[in-house]
1. With E129, E171, E142 as the choices, which residue is without any contact (Cβ under 8 Å) to a residue 12 or more places away in the chain and out of contact with any Gly (no Cβ under 8 Å at 6 or more places or on another chain)?
2. Which residue is farthest from the chain's Cα centre (by Cα), if the candidates are limited to segment 481-507 and must be modelled with pLDDT under 85 and in a helix (DSSP H, G or I)?
3. Pairs only if they're at least six apart or on different chains, beta carbon under 6 angstrom, first in segment 501-517 and touching a residue at least 24 places away in the same chain (Cβ under 8 Å) and under 19 Å from L404 (Cβ atoms), second open to solvent by 20 Å² or more (accessible area, probe 1.4 Å) and outside any helix (DSSP H, G or I); list them, first residue then second.
4. Report yes if some residue within segment 228-239 is of a type in the set (S, T, Y), at pLDDT 95 or above and under 19 Å from the mean Cα position of the chain (by Cα); otherwise report no.
5. Is it the case that segment 68-79 has a residue that's under 31 Å from the mean Cα position of the chain (by Cα), part of a helix (DSSP H, G or I), at pLDDT 95 or above and farther than 26 Å from I168 by Cα?
6. Could you pull out the residue among A350, A332 that is in contact (Cβ under 8 Å) with a residue 12 or more places away in the chain and open to solvent by 40 Å² or more (accessible area, probe 1.4 Å)?
7. Could you list, in sequence order, the residues of segment 1-48 that are more than 29 Å from the chain's Cα centre (by Cα), among the polar types (S, T, N, Q) and not in a strand (DSSP E or B)?
8. Please enumerate the residues belonging to segment 375-385 that are closer than 15 Å to T221 by Cβ and crowded, with 23+ Cβ neighbours inside 10 Å.
Amino acid sequence: MMNREIKVSVIIPVYQVENYLERAVDSVLAQTLLEKEIILVDDGSTDSSPEICDSYAQRYPERIRVLHQENQGLGMARNAGARAAVGEYIAFVDSDDTVAPQMYERLYEKAVEGDFDIVMCDVQIFYVETGRTSTVATYPKEEIDLPDYIANGNNITFSVNKLFRRRIWQENQYEKMLFEDISLIPALLTHYPHIGYVPEPFYHYYRRPNTISTTFTGGMTDIIQAYRNFLDTSAPAYREEAVYCAAKQLYWNMTESRVLFQADFISLLQEYKKDFLLNPYIAKDGKVRRILDYLSKEVIPDNIICVRFDGEIPAAYRESIQTDFPRANLIAAGRDYYPPQQLPEPIRRAMEEGQTAYAEEYYSLRILYEQGGIVVNPDRRACLNLKRLRLNRLFFGFEDEQELTTGCYGAVRQHYVVQALLESYEADNIFNTAFLPLKERLRDFLILYFDLKVNGRNQTLKNEISVYLPSILAYDMKDGDNCCKRADVALPDGYEMVSGKVLKMWSDRLLENWNLYKQERARKQPAAAKAAPAPRAEPAGPASLEMERRIQEVVDTYENSTCWRLTRPLRALGRLFGR
């Protein structure tokens with residue numbers, strides 16, 4: 001390293017970026033600021049990135065240092081680089097982005113001129129897939145009014161468009177999580193309010209599809225904790241601005257960007273209900289004020305309930321929960337979860353007689369009533385899509401056209417339907433004397449009180465209960481809607497298990513839909529389809545209107561060229577059997 005004083009240490013975390021790394025490093029090497037160092041932090045890359053880093057260090061030993069570490073994530077790599085830095089100021093560059101040549105000279109000059117702790121610039125975004133570019137101005141005025149910036153500024157969560165006094169990173173660090181920027185940077189600004197700004201788009205951010213920020217994974221629930229950290233650690237003097245800033249970003253996330261996680265966002269909103277309801281900025285913003293409507297929305301708690309009396313819960317089950325629901329509370333219950341004296345007589349008798357499945361179903365129902373959540377049996381595998389069902393108050397699903405599934409269902413805490421089902425275990429009835437499975441008790445209850453139609457179709461019962469298709473909660477029909485599936489039979493990769501009843505059900509419906517479509521097409525274009533029989537005229541009435549609705553629904557489906565999606569389950573099965 002050169003002996004001259006280092007003004008700026010530029011830290012570039014590196015992980016699996018062999019195709020972009022050289023461009024990023026070259027853009028920093030080309031900086032007009034000479035008194036700089038570049039610290040490349042290889043975060044356990046397995047591609048050629050480590051070799052590229054080392055080659056740069058060999059070619060530029062006075063300018064570039066390399067740190068190699070086991071993979072720990074972006075925040076940890078930045079922390080390692082900050083600890084090694086010797087510059088007056090520290091900057092971060094993501095390894096697939098670039099910076100304009102004058103960026104650090106201009107930001108450093110601004111920092112020295114005003115003795116600023118932090119200096120910001122604008123961001124130019126390159127949309128790689130479309131070739132479009134846009135510039136996001138950080139603030140409309142060159143002089144930063146921090147309360148107004150927290151409330152109304154842009155690029156507030158970015159680490160990369162800012163120059164930080166090194167002392168800041170001796171006093172703070174990133175947390176090991178996704179969305180570490182959201183967690184730390186906005187709150188950091190409230191504690192170091194002496195901030196400068198150069199209104200130039202020096203930082204070049206390349207937005208690509210299928211990145212960590214654009215691909216849905218279970219770990220994305222870190223964003224909930226990130227906003228919690230932002231709200232909890234911001235300086236009290238800027239509390240109202242921080243809450244409004246968070247509200248704007250939360251509203252966008254839960255309605256546009258990450259709707260799948262809406263239930264998680266709603267839970268966070270309710271956690272800070274007072275702050276959002278009393279915030280003067282939100283009260284004046286008609287759009288963001290809509291977020292307050294979610295405060296009264298009841299969502300299913302983030303609990304996964306699994307009951308198994310004999311043996312451990314399968315490792316594959318636990319792994320799938322950890323992957324897709326890493327922040328969920330897994331309630332794993334065995335036969336000792338409830339003391340015998342707290343159990344109804346039929347349950348005690350069932351356990352004595354070895355009717356464990358019957359008793360396990362009671363345990364699942366009872367835990368569901370007491371704590372709320374989603375019951376997932378050990379022979380099922382839930383996927384990330386299950387999160388959207390937390391927006392229900394109570395849901396069940398069909399196993400096939402005639403039977404309901406109890407492999408996966410969920411409810412809010414102390415739902416009255418679950419309470420009624422539990423109380424039925426204490427009555428003298430055929431379900432208890434014959435130890436009949438819960439799905440039969442449930443089916444009869446929903447028919448009696450909620451007019452359930454036993455037809456295997458999606459239904460909403462009295463605006464209270466959602467009942468889903470077999471492809472939602474029992475089988476993966478490859479239509480994108482699957483939330484849970486059976487996993488109790490070992491299958492080769494690429495295969496799915498589907499019952500013959502469900503296969504016939506889907507076949508019948510596809511044929512029915514196709515015939516309805518042909519009939520309607522013949523009615524509208526008789527000359528072009530003479531062979532198709534015209535639909536028989538029926539007197540107007542509820543049944544006729546329902547048929548008209550279904551016909552129009554099918555026609556719309558096919559006319560909009562989505563029949564390919566409708567037939568996807570059968571096509572997938574056709575490929576399966578053709579292997």
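The values are calculated or read from the model by the stated rules, or taken from the named source; none is laboratory data. In this text the structure is predicted, and so the values were computed from the model without any measurement. Virtual Cβ from ideal backbone geometry, glycine too; neighbours counted across all protein chains shown. Please note that ligands, DNA and RNA were not included when accessible areas were found on the heavy atoms of the full protein model with its side chains. Shrake-Rupley method; radii C 1.70, N 1.55, O 1.52, S 1.80 Å.
1. Working: E129 fails: without any contact (Cβ under 8 Å) to a residue 12 or more places away in the chain; E142 fails: without any contact (Cβ under 8 Å) to a residue 12 or more places away in the chain.
Result: E171 is the single residue among E129, E171, E142 that is without any contact (Cβ under 8 Å) to a residue 12 or more places away in the chain and out of contact with any Gly (no Cβ under 8 Å at 6 or more places or on another chain).
2. S507
3. Qualifying pairs under 6 Å: M505/E401.
4. From segment 228-239, those of a type in the set (S, T, Y) are 233-234, 238; that's our starting set.
Restricting the remaining residues to those that are at pLDDT 95 or above gives 233-234, 238.
Filter again for under 19 Å from the mean Cα position of the chain (by Cα), leaving none.
No, that holds for no residue.
5. Checked against the condition, which is being under 31 Å from the mean Cα position of the chain (by Cα), part of a helix (DSSP H, G or I), at pLDDT 95 or above and farther than 26 Å from I168 by Cα, segment 68-79 yields no hits at all.
6. Values: A350 fails: open to solvent by 40 Å² or more (accessible area, probe 1.4 Å).
Residue meeting the stated conditions: A332.
7. Start the filter on segment 1-48 by keeping residues that are more than 29 Å from the chain's Cα centre (by Cα), which leaves 1-11, 22-40, 48.
From the residues that got through so far, the ones that are among the polar types (S, T, N, Q) too are 3, 9, 27, 31-32, 48.
Correct list: N3, S27, Q31, T32, S48.
8. The first filter runs over segment 375-385 and keeps only residues closer than 15 Å to T221 by Cβ, leaving 382-385.
Within segment 375-385, A382 is the sole residue that qualifies.
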